[in-house]
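Take a look at the structure set out below.
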Amino acid sequence: LFLVAGAVVPELPEVETVRRGLAPAMVGCLVERAVLHRKDYCVRSAGGPCRPRDLLEGAVVRAVERHGKQLAFIAEDGRVLVAHLGMSGQLRALAPGVEPPRSTHVHAVWMLDGGGRVIFRDPRRFGGLWVLKGEAELRERWSRLGPDGLEITGEQLRERAGQSLRAIKAVLLDQSVVAGVGNIYADEALFLSRIHPLRAARSLRAEEYDSLAAAIRRTLLAAIAAKGSTLRDYRDASGEPGDAQAGHAVYGRAGEPCYGCHGKLKGMRVAQRATVWCPRCQPRTRRRARGS
Ligand SMILES: [Zn+2]
């Protein structure tokens with residue numbers, strides 16, 4: 001993936017917010033027609049060109065699931081379509097009677113019985129659709145990712161990261177360790193658990209992994225509650241920008257005062273990503289507990 005300066009990709013809370021908007025509009029509905037405007041936006045794992053039936057045309061949607069940052073549409077007959085939002089993807093449910101925007105950036109449209117539609121818009125085209133052979137392939141693919149960020153435990157984190165010499169921030173961004181945590185929530189969780197982003201994963205104690213996992217779950221849940229962060233290209237399934245951005249404690253706040261100690265937050269790059277932390281609240285070497 002090539003990173004564009006200043007770009008922010010949808011993370012787990014944004015994708016979960018989209019899922020929660022799409023599921024009630026799609027589950028139980030028959031896909032009467034599916035149209036793919038850009039052939040190269042959809043890939044079949046079995047090879048060959050994508051046909052309307054690959055986009056679930058003629059199927060009833062049984063579930064809209066998410067793991068990490070990936071969404072899957074699962075049909076009652078076993079067909080499975082995976083969607084990635086990439087950097088600027090928007091999946092939106094339109095109520096009956098609402099015309100889809102006339103835009104060259106709308107790459108796929110699903111027309112549902114009852115008159116609703118779902119559109120996939122993605123100006124920068126880092127996202128896409130993947131047609132799988134069935135649910136077994138979906139489970140196999142998702143099992144290669146780490147546990148979902150909303151459910152990660154300290155023990156799971158330690159098991160997957162505990163021997164690594166890499167910086168803990170870089171490890172949190174690794175989707176095979178924990179799925180769905182990106183730059184924003186990695187910084188927020190490290191701040192909440194008072195862990196310096198450059199500490200080697202191996203140097204963290206079990207209690208620190210517990211506190212980090214709890215902080216990951218908490219920051220993700222809080223962001224979902226705020227309907228996802230308002231980012232440049234992000235919209236939830238109804239097209240509304242979210243309002244989580246105001247709630248970030250460190251992300252995007254380098255040079256500003258820390259909410260914990262009022263000292264100045266610092267910025268640096270870790271794993272090529274802008275990283276913000278508080279030198280006082282997140283010391284590089286942990287202080288010895290006093291009086292014990
Ligand atoms: Zn501080």
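Observations on the structure shown:
- Beta bridges by DSSP in the chain, antiparallel share as percent, to the nearest 5: 90 percent
- Near the amide H of Arg44, within less than 5 Å, lie the amide hydrogens of Val131, all on another chain or at least 5 residues away, with H placed in the peptide plane.
- Free-standing Cys residues across the chain, given no other cysteine C-beta under 4.7 angstrom: Cys29, Cys261
- Residue order, fewest to most beta carbons within 10 Å, for Thr104, Thr17, Thr219: Thr104, Thr17, Thr219
- Sequence ranges 31-41, 143-153, ranked by mean other-Cβ count within 10 angstrom, highest first: 143-153, 31-41
- Whole-Hz couplings from phi, Karplus 6.51/-1.76/1.60, listed for the range 27-39; x for Gly and Pro: 5, x, 8, 8, 7, 6, 8, 10, 10, 10, 7, 10, 4
- Nearby lysines by direct alpha-carbon distance to Lys69 (threshold 22 angstrom, same-chain neighbours under 8 apart not counted): Lys133, Lys169, Lys227
- Theoretical ellipticity at 222 nm over the chain - DSSP helices of four or more residues, -39500 (n - 2.57) apiece, nearest 500: -7000 deg cm²/dmol
- Once backbone amide H atoms are built at 1.01 Å from N, Ser164 has Arg202 as its partners under 5 Å, excluding neighbours fewer than 5 places away on the same chain.
- Within straight-line cross-link reach of Lys266, aspartates and glutamates at Cα separation under 16 Å, skipping those fewer than 8 residues along the same chain: Asp187, Glu188, Glu256
- Quarter of Cα convex hull surface for the range 78-168, i.e. mean projection, nm²: 8.8 nm²
- In order through the range 130-142: 3J(HN,Hα) via Karplus (6.51 cos²θ - 1.76 cosθ + 1.60), integer Hz, x for Gly, Pro: 10, 8, 9, 6, x, 5, 4, 5, 4, 4, 5, 5, 6
- Distant-in-sequence amide contacts of Ile152, defined by a placed amide H-H separation under 5 Å and a gap of 5 or more residues or a different chain, comprise nothing.
- Where the Cα pairs of the chain fall when distances are cut into 10 Å bins, in %: 6, 27, 32, 20, 11, 3, 1
- Gyration tensor verdict on the range 1-140 (Cα atoms; rounded if a/c is under 1.5, prolate if a/b is larger than b/c, oblate otherwise): rounded
- Scoring 159-169, 72-82, 181-191 by mean Cβ neighbours within 10 Å over their residues and listing the highest first yields 181-191, 72-82, 159-169.
Every number in this text was worked out from the coordinates using simple rules, so none of it is lab data. Everything numeric in this text was worked out from a predicted model, so none of it was measured. Cβ sites come from the backbone with ideal geometry, for glycine too, and all protein chains shown count toward neighbours.
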